[in-house]
Amino acid sequence: MISSPTLRSALLSGFAITCVTGADIQSTTITDKLRDPMEIALVPNGDLIVIEREGRVLRVRPATGGVFEIGEVPVTALRDADRNSSWAREDGLLGITLDPGFAQNRRLYLYYSHPTEMLNRLSRFELKDGRLDLSSEKVLLDVATDRRDKVCHHGGSLTFGPDGLLYLSTGDNTNPFESDGFAPIDDRDGHDHANAMRSAGNTNDLRGKILRIKPTENGYEIPKDNLFPPGTAKTRPEIYVMGCRNPFRISIDQKNSTLYWGEVGPDAADKDKDKDKDKDKDKDKDKDKDKDKDKDKDK
């Protein structure tokens, strides 16, 4: 039996869902009818619950390849009316994980960008008669974000550890492009959107972190051994890891509780404008060569 985090990592390697079997990895396409899938949860009966960035929640049956929409969460609006166009920056329905007692309580957790407020929200929902019941939403945590037309990096992965603790990854909500490939630490006036110190480096901010909480019936509790004990001045007790750029997907080893995640960047490549300059220089050299050839012909 393959663990859920391993399966999820394998399935999200592309748009087509695949199944991993045996010691040797083999790829079998289950369906290619998905649009910008973000994360997958493995249901005890072998079905998959897949979320798409634009808010759709789907149930996929690997045995038949059937894809069924079981709900839609309102998320940040499209830039235009075309449902197939790209979503605003990196917003949308970002993360899903099932409650450890899902087989009995039919509960799941979703992380999404609020459609009207500047925040990302972690909520618990229930399935009723096989469909997502939006009226069952229990809001657990809001993560305030800056204006979405300038910034990105929202993270958004969810997973449970073997101890029943819930982990949520959040991005630094920072524009990485204005720093020319260097770390986005820009404390000039008017450049807050390009300064990750306000978020990932801020002990009193939930962005650029991996958060850890213990869900309860009416909210959540703070586990022991998070970075900051409750009541510590200018800190958030939900913080388990800080200083992250964009931990887009996380995974927990279900045997030893080791937390894994991937980071990309900061950018460490040649700048495009330098490449363009080199191309222009080459073009100038070619022009000079052509001029010399013409002079030789005249002679």
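Coordinate-derived values only; no laboratory data. The structure presented is a predicted model; accordingly, all values stated were derived computationally and were not measured. All Cβ positions, even for glycine, are placed from backbone atoms using ideal geometry, and neighbour counts span all protein chains on display.
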Pairs beyond 30 Å (Cα-Cα), from LYS150/LYS209; LYS138/LYS224; LYS33/LYS209; LYS214/LYS255; LYS128/LYS224; LYS234/LYS255: LYS33/LYS209; LYS128/LYS224; LYS234/LYS255
So how do TYR260, TYR111, TYR240 line up by other beta-carbon neighbours within 10 Å, fewest first? TYR260, TYR240, TYR111
With a 10 Å Cβ neighbour count serving as the proxy for reagent exposure, in which order, fewest first, do GLU263, GLU90 appear? GLU263, GLU90
Estimated distance in nm for a label pair at ASP47 and SER257, the labels positioned 7 Å out from Cα along Cα-to-Cβ: 3.3
Rounded to the nearest 0.05, what FRET efficiency do ALA103 and PHE177 give with R0 = 51 Å and r taken as the Cβ-Cβ distance? Could you check? 0.70
For region 209-218, what does the Karplus curve 6.51 cos²θ - 1.76 cosθ + 1.60, with θ = phi - 60°, yield as ³J(HN,Hα) per residue in whole Hz, taken in order and with x for Gly and Pro? 9, 10, 9, 9, 9, 10, x, 10, 4, 10
Using each residue's phi in region 154-165, evaluate 6.51 cos²θ - 1.76 cosθ + 1.60 at θ = phi - 60° and report the 3J(HN,Hα) Karplus result to the nearest Hz, with x for Gly and Pro. 10, x, x, 7, 10, 7, 9, x, x, 8, x, 8
So what are the three principal axis dimensions of region 103-183 from its Cα atoms, in whole Å, longest to shortest? 51, 32, 18
